[in-house]
Amino acid sequence: MFVCAVKATWKRVAVILLLAAAVIGLLIALLGGCQAPAEEAAAPEPVRLTTVTEMVDWLAQQGIEVDPDSLVQDTVTIPQPFDEIYTQYNELQKQAGFDLSSYQGITVDRSCFTVLNYPDQEEGVLVHLLCCEGVLIGGDLCSVRLDGFLTGLVMPE
């Protein structure tokens, strides 16, 4: 058996720590540094909707035809904290790729259009778009009929 004793001095400890930091720095440089998780890297570009034409065109890209003349605009304040109803509403938003959690307590613009092509519904279907500073943050499709529905911004097939 071979035993080696080394006296630890501040100078030796400092050299060892500097060498360890250099090795870690080299590894970070070689491996590309810190990278965002795949989910964040795949985040879609924000959708900017500042004009009626942009809203109508974006909805058409989603397969939702609307009557541009039916537009009604107002503002709503996202509650802070969410109550039970808004918690359920936010679940609908998440299913459609949105999340209102970071907008709690903020007043946003709501634009409402009459939908012309909802399957099996000739009338009474509305689409709401929620925008914060011109960026789409959520929305829904709903029926105003007695036996109505409420869904996220996903048109059924």
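The values are calculated or read from the model by the stated rules, or taken from the named source; none is laboratory data. Treat the numbers as computed from the prediction; the structure is a model and nothing was measured. Counting neighbours? That spans all protein chains shown, and the Cβs are built from the backbone with ideal geometry, glycine included.
Things worth noting here:
- GLU65 meets the conditions (1) at pLDDT 95 or above; (2) under 15 Å from CYS142 (Cβ atoms) in every case but one. The failed one is (2).
- PHE98, sole failed condition from (1) at pLDDT 95 or above; (2) out of contact with any helix residue (DSSP H, G or I) (no Cβ under 8 Å at 6 or more places or on another chain); (3) closer than 17 Å to VAL154 by Cα: (1)
- Lone unmet requirement of (1) surrounded by fewer than 17 Cβ atoms within 10 Å (Cβ to Cβ); (2) in contact with a strand residue (DSSP E or B) (Cβ under 8 Å, 6 or more places away or on another chain) for LEU100: (1)
Conditions (1) part of a helix (DSSP H, G or I); (2) aromatic (Phe, Trp, Tyr); (3) without any contact (Cβ under 8 Å) to a residue 12 or more places away in the chain; (4) in contact with a Leu (Cβ under 8 Å, 6 or more places away or on another chain), marked per residue:
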position	(1), (2), (3), (4)
PRO81	no, no, no, no
TYR86	yes, yes, no, yes
GLN93	yes, no, no, yes
SER102	yes, no, yes, no
SER111	no, no, no, yes
LEU136	no, no, no, yes
GLY148	no, no, no, no
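- The residue of segment 113-134 that is farthest from the chain's Cα centre (by Cα), among those that are within 17 Å of ARG48 (Cα to Cα) and without any contact (Cβ under 8 Å) to a residue 40 or more places away in the chain, is HIS128.
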